[in-house]
Amino acid sequence: MSQRPNVPAPALAVVRVLCLLDGVVFAMSALLNFGSRIPVGFTELAFPSHVWQAGIGEAVIASTLLAGAVTARPKLCWSAFWMSGVGIAFGLLSRQVQGPAREIHLVLVPLAILLGLALIWMRQQRRRRLAQSAALNPSE
């Protein structure tokens, strides 16, 4: 898989990993909202009340984040970031989100912050690389 033009590899790698992690957590939350039980060691993770509507939203966000991780397209990654931010805010403001559902949202907050910072870093690196390229080739 080739690197996106003018995007430095380290920044791209960080964004891809964070999109992947965030997407996996959103996918897990979607499964739990659909009523799945996920075994964790000697116990299992489950939501006491299932909100399938939230599960649909989380599945869409997870799909977008995972697509961003696979394709590494900056616009798709930014879209996924903003979708996840809205989803997290909606979940934290909802009274129905209690117990493990709230705790998953508390895991998603730092992941979203890290992804946002990585996206900003990637944009800055891309702009710096474009400026250097323009300085080296002023005729273009």
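Quick notes on this structure:
- Residue in the stretch 76-85 that is in contact with a helix residue (DSSP H, G or I) (Cβ under 6 Å, 6 or more places away or on another chain), closer than 30 Å to Arg127 by Cβ and of a type in the set (Ser, Thr, Tyr) present: yes
- Scanning the stretch 62-74 turns up no residue that is within 23 Å of Arg37 (Cα to Cα) and among the β-branched types (Val, Ile, Thr).
- All positions within the stretch 29-44 that are open to solvent by less than 60 Å² (accessible area, probe 1.4 Å) and touching a residue at least 24 places away in the same chain (Cβ under 8 Å): Ser29, Ala30, Leu32, Asn33
The values are calculated or read from the model by the stated rules, or taken from the named source; none is laboratory data. Only a predicted model underlies this, so the values are computations on that prediction, with no experimental measurement involved. As a convention, Cβ positions derive from the backbone with ideal geometry for all residues, glycine included, and neighbour counts pool all protein chains shown. Heavy atoms of the whole protein, side chains included, go into the accessibility calculation; ligands, DNA and RNA do not. Shrake-Rupley method; radii C 1.70, N 1.55, O 1.52, S 1.80 Å.
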